[in-house]
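Here is the structure we will look at.
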Amino acid sequence: MVEANKKLNLTRITEEQEAAEKHFLDSVALFLLWKGKGKVLDIGSGAGFPGMVLAVCNTDLSVTLLETVKKKSDFLVELREKLAAESVDVQWGRAEDYAHMSSYRAQFDLVTARAVASLAVLFELAGAFVRPGGHFIAYKGPSYQEELKEAATAMSIMGLELVETRQVEFPRTERSVVLMDFLKVLDTPQQYPRKAGIPQKKPL
């Protein structure tokens, strides 16, 4: 990743120790909240965090990496081949489009997103992918409570319910991350998500 970043600008974090702390530790922290099996979708996977890390750490998972930027999805395809990660599927496209495809809608046990958007936007992008009884886990920072208040309408419409919030402190660093686990309790109405770009411009 560090080597490829010199050409592709995959991430602003390029120093190996910093990448290990900020990318890899964040990724594996998800297992503190979710230890399930099955199908996982990582929206806006970027350089493969957390989705590729989850797949490498638990080969029983079937992980789909969804990325809108072509150069990043091409990198993920190359990375999958180098790691021989047969359980990983890489898709180039927008969540707003894929969520209306029958082979993706309500098909995932876990959907996650890291450093992608506000909760109000994330709920609309992710909600339709989660199967009933499945989970959506978002990575957030210190302002998560304010974001959650602003996203109450979107959370309700998408059929999600907050079941756990955990602030994870990382040993020997001054870093922490907030993980928010949402359970899919109701089906997402068919009209959601709205067309590409609208969730970001006009959050619910």
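The values are calculated or read from the model by the stated rules, or taken from the named source; none is laboratory data. Source: prediction; values computed, not measured. All Cβ positions, even for glycine, are placed from backbone atoms using ideal geometry, and neighbour counts span all protein chains on display.
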Quiz item: Regarding ARG172, is this residue modelled with pLDDT of 95 or more, farther than 19 Å from ALA55 by Cα and surrounded by fewer than 21 Cβ atoms within 10 Å (Cβ to Cβ)?
Solution: no
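Hey, among the residues in the range 147-161 that are acidic (Asp, Glu) and in contact with a Leu (Cβ under 6 Å, 6 or more places away or on another chain), which one's surrounded by the most Cβ atoms within 10 Å (Cβ to Cβ)?
GLU147
Conditions tested, residue by residue: (1) touching a Leu at 6+ places or on another chain (Cβ under 7 Å); (2) part of a helix (DSSP H, G or I); (3) surrounded by fewer than 17 Cβ atoms within 10 Å (Cβ to Cβ); (4) modelled with pLDDT of 95 or more.
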| residue | (1), (2), (3), (4) |
| --- | --- |
| GLN17 | no, yes, yes, no |
| LYS22 | no, yes, no, no |
| ALA29 | yes, yes, no, no |
| GLY48 | yes, no, no, no |
| GLU78 | no, yes, yes, no |
Quiz item: When you go through (1) buried (at least 22 other Cβ atoms within 10 Å of the Cβ); (2) at pLDDT 95 or above; (3) in contact with a strand residue (DSSP E or B) (Cβ under 7 Å, 6 or more places away or on another chain) one by one for ALA113, which number turns out not to apply?
Solution: (2)
Quiz item: at negative phi, modelled with pLDDT under 95 and charged (D, E, K, R) - does that describe any residue in the range 175-189?
Solution: yes
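Taking TYR144 as the residue in question, decide whether it is more than 29 Å from GLN17 (Cα to Cα), of a type in the set (Phe, Trp, Tyr) and surrounded by fewer than 22 Cβ atoms within 10 Å (Cβ to Cβ). Give the steps one after another, and end with the answer.
Details: more than 29 Å from GLN17 (Cα to Cα): no; of a type in the set (Phe, Trp, Tyr): yes; surrounded by fewer than 22 Cβ atoms within 10 Å (Cβ to Cβ): yes.
No; evaluated as a whole, the condition is false for this residue.
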Practice problem: Report those helices (runs of 4 or more DSSP H) wholly inside the range 99-204 carrying at least 2 residues which are of a type in the set (D, E, K, R). | Solution: 144-150
Quiz item: Which is over 17 Å from the mean Cα position of the chain (by Cα) and not polar (S, T, N, Q), of PRO171, PRO193?
Solution: PRO171
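Here is a yes/no grid of residues against (1) in contact with a Lys or Arg (Cβ under 7 Å, 6 or more places away or on another chain); (2) surrounded by fewer than 14 Cβ atoms within 10 Å (Cβ to Cβ); (3) of a type in the set (Lys, Arg):
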{"residue": "GLU67", "(1), (2), (3)": "no, no, no"}
{"residue": "SER73", "(1), (2), (3)": "no, no, no"}
{"residue": "GLU81", "(1), (2), (3)": "no, yes, no"}
{"residue": "GLU86", "(1), (2), (3)": "no, yes, no"}
{"residue": "TRP92", "(1), (2), (3)": "yes, no, no"}
{"residue": "GLU96", "(1), (2), (3)": "yes, no, no"}
{"residue": "SER102", "(1), (2), (3)": "no, yes, no"}
Practice problem: Have a look at ALA55, ALA47, ALA99 and point out the one that is in contact with a His (Cβ under 8 Å, 6 or more places away or on another chain) and either more than 17 Å from ASP26 (Cβ to Cβ) or not hydroxyl-bearing (Ser, Thr, Tyr) (or both). | Solution: ALA47
